[in-house]
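The values are calculated or read from the model by the stated rules, or taken from the named source; none is laboratory data. This structure is a prediction, so every number in the text was calculated from the model and none was measured. Backbone-built Cβ (ideal geometry, glycine too); neighbour counts: all protein chains shown.
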Amino acid sequence: GNSVTQMEGPVTLSEEAFLTINCTYTATGYPSLFWYVQYPGEGLQLLLKATKADDKGSNKGFEATYRKETTSFHLEKGSVQVSDSAVYFCALTRRTSGSRLTFGEGTQLTVNP
Amino acid sequence: ETGVTQSPTHLIKTRGQQVTLRCSSQSGHNTVSWYQQALGQGPQFIFQYYREEENGRGNFPPRFSGLQFPNYSSELNVNALELDDSALYLCASSPDSGGAYNEQFFGPGTRLTVL
């Protein structure tokens, strides 16, 4: 079946540090890949997405590249801010299952001033 | 444009009771999906409704059921509540059921506690 594995958290960084959150997936075919963010007390918000191999999704300084050869979609940001503190979820959909999302476990990010 | 709304925000029930959670989809969206998010876990897909019909179901027992209404709002019903049903229940709407590329817009969730 489909699955998503994220690096274990929590992750604590100082402001302006470089961020990497690892995500690998297992799925047949060519899934679409997503990063969602969940701020405290809120629902999920789409951060970025990529729908085919070698696509790069980007938003708000975050980037992730769809790597089919390594089945990965790692999230990166060059300089994090305190306001980036949240839980980040990697997720996938497959064309045969429509918009049904399969999520990873989530990674808690805390950025200290 | 109004986003996805859910009610109630919080709910406390006892084991064996029944609960109904409600979701209003974003304007123009005909598809609603429900997810269960246990504490410290990623959301798990429960089921999806498209134009008032169930359109896919995750690995949840039949005591989890749902409805979608002509205005595309939706309900999630859970019978015979168990302690493990304690979770954040998320509703998400999207403009189409079949698009794997379509963004899903999530509501803030309903926090259910079963005692």
Legend entry - Which listed residue, of A:Ala64, A:Ala17, A:Ala53, is assigned to a loop (DSSP other than H, G, I, E, B), of a type outside the set (Ser, Thr, Tyr) and at pLDDT 95 or above: A:Ala17
Inset, instruction - Could you run through the range A:40-73 and say how many residues are more than 14 Å from chain B (Cβ to nearest Cβ) and on the phi > 0 side of the Ramachandran plot? - result: 4
Inset, instruction - Please enumerate the residues belonging to the range A:1-47 that are out of contact with any strand residue (DSSP E or B) (no Cβ under 7 Å at 6 or more places or on another chain), exposed (fewer than 13 other Cβ atoms within 10 Å of the Cβ) and not acidic (Asp, Glu). - result: A:Gly1, A:Phe18, A:Thr28, A:Gly29, A:Pro40, A:Gly41
Legend entry - Selection from the range A:67-90 of residues that are in contact with a Ser or Thr (Cβ under 6 Å, 6 or more places away or on another chain) and assigned to a strand (DSSP E or B): A:Ser72, A:Glu76, A:Tyr88
Inset, instruction - Determine whether the range A:95-109 contains at least one residue that is touching a residue at least 12 places away in the same chain (Cβ under 8 Å), away from chain B (no Cβ under 14 Å) and surrounded by 14 or more Cβ atoms within 10 Å (Cβ to Cβ). - result: yes
Inset, instruction - Identify, from the list B:Gly56, B:Gly42, B:Gly107, the residue that is farther than 21 Å from A:Gln38 by Cβ, small (Gly, Ala, Ser) and at the interface with another protein chain (Cβ under 8 Å from one of its Cβ atoms). - result: B:Gly56
Inset, instruction - Mind checking which strands (runs of 3 or more DSSP E) fall wholly inside the range B:46-115 and carry at least 1 residues that are farther than 24 Å from A:Thr96 by Cβ and at pLDDT 95 or above? - result: B:64-68, B:74-78, B:87-94, B:110-114
